[in-house]
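Presented below is the structure to which this report refers.
The values are calculated or read from the model by the stated rules, or taken from the named source; none is laboratory data. All values reported here derive from a predicted model rather than from experimental measurement. Backbone-built Cβ (ideal geometry, glycine too); neighbour counts: all protein chains shown. Ligands, DNA and RNA are excluded from the accessible area calculation, which covers all protein heavy atoms including side chains. Shrake-Rupley method; radii C 1.70, N 1.55, O 1.52, S 1.80 Å.
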Amino acid sequence: MDDTQKWPEVEKAEAGKRRELVLQGPAVDRRIASSGGLASAVYSLTLLNYLEVSQCPSLTEIHGGIQRLTNLQSLILCRNKLALVPDVLDKLQSLKVLDLSVNNLTVLPEGITLLRELNTLNVSCNNLEVLPSGLSRCTKLSNINISKNRIAEFPADFYSDDLDLLSTVVASDNSLEQLSGEVHKLSALKVLDLSNNKLSEIPSELSDCAKLKDINFKGNKLSDKRLEKMVNGCQTKSILDYLRGKGKGSRAEDGADADKGRRQQLRKKKGKAGEEEKDEEEELNRMVVRVLNISDASAAPTVRVSAEVKDVRPYLVCCVVRGMNLRAGNALKRFLVAQTKLHDELCGRRTTATIATHDMQLIKLPLTYDVRPPTQLKVRSQRRGGMTAVELIRHLQLEADELRKQKKRQNVTGLHKYLQILQGKSLYPCLVDAEGHVISFPPITNSEKTKIRKTTKELFLEVTSGTCLQTCKDVMDALIAKMAELNKFTAEHQEEAGSDGEEDSTGKQTTDTETSGELIVQQVRTVDHDGNLKVVYPSKTDLTKDTDNLNVIW
């Protein structure tokens, strides 16, 4: 390994006896490529309790010298091209957080199972086919994310009373064929995501997990078709109640199709029971998305993309959504919380993609997706007023550093992760309206000028990414599906609007209106600087994955 070139971050950490080190981005990646790996001096920083090396595709393996960093509490090695991690991690007995996500790993080191202090394990987006047996020895494990791998089953000892702190299990997009009834032993389980697997059954014992609040089984072909509809359209409580009923033997399960058996049982009852079944069926199908297909291209909203964004943040999809009731009760708050959750999970804390939402009535069309120098990009942010991108990022960096100090340097905030994306770039991406105002500065912030409120009736949705166009589409699909789900919830609960006398964007007093729960999605065209079509969203190939419950109408 060639250490002839300088690694200023490492030198600074050594000289200052620092306890954390972050190495990420193109500049670091070039050094790793030319040196054949990390500088060996990294493995001599024995005071470190936080080490992050990320977004370096030239990093394909970690040297065994990492075992010397025995004070590490957080080891973040995400978004590289790691194919191998040495089986020496068991020496890191202080380790609490291990993130190996978005790499090329096919196997995990067995030593992971000996980390007694480990509470967070993220190995998502790899090529894993199995998990090491013995995870039950990690008795302080609280969160595990194994999504987007090829895992066919959980280890037998995973369903263990010893994992009595395990609260979050995310295992979506794998090849899991079975969830054992022993899952009830995970007494602290609150979140379980097994969407997009190969499950045919959900054990009734799952309902015995007393703390379970959020489950996701969408995208599985369940043999109980009634249950399959429920997991695509109902709240967690309804599904658990249904499973609890199955466990008590309240349903006729004589080997025939489960859905048919339930219908036969209901037919024996008279009057009201039949009506309730019909109402229940209708309720499950109320999530409707109607796509407004603009045949006349000139009538569709258009975003022009400048050639310069290619080297900064090239991918963008947009659409307009009507029919979203944000005025009723806590509807707006639920929507903002859902957007934040998508940012944290599907968007990788904005590092993979970023969502922006705007009040369509406050946008001056046409829009341009462009770039500007940091000192010339000025945006009126939602918390700080007008300032340049340089000033805004400086403020955010100070906030992120202060938050890290408050957490005693053991965590890198979401702020740190997405602020690094623009590091070293001479131009920043922005969405600009017809008057030259920046309404979006991805992945950092939206403009106060187009902020959505309870009175917003039309939303302009925007998803950008530096990864690929399909990522943008997947995130937009998920956002629209969540909006439909939230709108359905609002319609069902008939929440009243607050009497705040708020005015809409035209200055008129607003009154509450009922919502049917149906969303209308209007296509938006994205064109290049010469006017040639780049993408239109949604197209006939969008909103098709795992959205059977949406009932998309063209």
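Of the residues making up the stretch 227-239, just one is of a type in the set (Lys, Arg) and either in contact (Cβ under 8 Å) with a residue 60 or more places away in the chain or under 12 Å from ILE202 (Cα atoms) (or both), namely LYS229. Scan the stretch 449-467 for residues that are surrounded by fewer than 22 Cβ atoms within 10 Å (Cβ to Cβ) and either of a type in the set (S, T, N, Q) or under 19 Å from ASP311 (Cβ atoms) (or both) and the total you get is 3. Scan the stretch 424-438 and give yes if some residue there is in a helix (DSSP H, G or I), closer than 30 Å to LEU362 by Cα and modelled with pLDDT of 70 or more, otherwise no. No; the residues of the stretch 424-438 include none that is in a helix (DSSP H, G or I), closer than 30 Å to LEU362 by Cα and modelled with pLDDT of 70 or more. Out of ASP259, ASP254, one residue alone is in a loop (DSSP other than H, G, I, E, B), of a type in the set (Asp, Glu) and either over 24 Å from the mean Cα position of the chain (by Cα) or modelled with pLDDT of 90 or more (or both). It is ASP254. Of all the listed residues (GLN406, GLN361), the sole one being at pLDDT 90 or above and either basic (Lys, Arg) or open to solvent by 60 Å² or more (accessible area, probe 1.4 Å) (or both) is GLN361. Sort out which residues of the stretch 195-214 are open to solvent by 20 Å² or more (accessible area, probe 1.4 Å) and among the aliphatic types (A, V, I, L, M), and write them in order of number. Across the stretch 195-214, the qualifying residue is only ALA210.
Each residue in the stretch 215-245 was checked for being polar (S, T, N, Q) and open to solvent by less than 10 Å² (accessible area, probe 1.4 Å), and 1 of them qualify. Among the residues of the stretch 298-355, those that are among the basic types (Lys, Arg) and either surrounded by fewer than 16 Cβ atoms within 10 Å (Cβ to Cβ) or under 24 Å from GLN420 (Cα atoms) (or both) comprise LYS310, ARG313, ARG322, LYS333, LYS341, ARG349, ARG350.
Which of the residues belonging to the stretch 114-139 are among the aliphatic types (A, V, I, L, M) and open to solvent by less than 20 Å² (accessible area, probe 1.4 Å)? Answer for the stretch 114-139, where residues must be among the aliphatic types (A, V, I, L, M) and open to solvent by less than 20 Å² (accessible area, probe 1.4 Å): LEU115, LEU118, LEU121, VAL123, LEU128, LEU131, LEU135.
Here is a yes/no grid of residues against (1) within 25 Å of ASN232 (Cβ to Cβ); (2) of a type in the set (A, V, I, L, M, F, W, C); (3) out of contact with any Ser or Thr (no Cβ under 8 Å at 6 or more places or on another chain):
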| site | (1), (2), (3) |
| --- | --- |
| ILE151 | yes, yes, no |
| ASP162 | no, no, no |
| ASN196 | yes, no, no |
| GLU201 | yes, no, no |
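Selection of the stretch 140-194 for residues being open to solvent by 60 Å² or more (accessible area, probe 1.4 Å) and hydrophobic (A, V, I, L, M, F, W, C) yields ALA156, LEU165. Checking each residue in the stretch 373-393 for being in a strand (DSSP E or B) and open to solvent by 60 Å² or more (accessible area, probe 1.4 Å) picks out LYS378, ARG380.
When ASN446 is tested against the conditions (1) outside any loop (DSSP other than H, G, I, E, B); (2) surrounded by fewer than 23 Cβ atoms within 10 Å (Cβ to Cβ), the lone failure is (2). Considered as a group, the residues in the stretch 68-85 that are over 25 Å from the mean Cα position of the chain (by Cα) and of a type in the set (A, V, I, L, M, F, W, C) include one that is farthest from THR120 (Cα to Cα), and that residue is LEU84. Under 26 Å from the mean Cα position of the chain (by Cα), among the β-branched types (Val, Ile, Thr) and modelled with pLDDT under 85, is that true of THR510? Spelling it out, it is not the case that THR510 is under 26 Å from the mean Cα position of the chain (by Cα), among the β-branched types (Val, Ile, Thr) and modelled with pLDDT under 85. Sort out which residues of the stretch 468-477 are open to solvent by 10 Å² or more (accessible area, probe 1.4 Å) and part of a helix (DSSP H, G or I), and write them in order of number. Correct list: LEU469, GLN470, THR471, LYS473, ASP474, ASP477.
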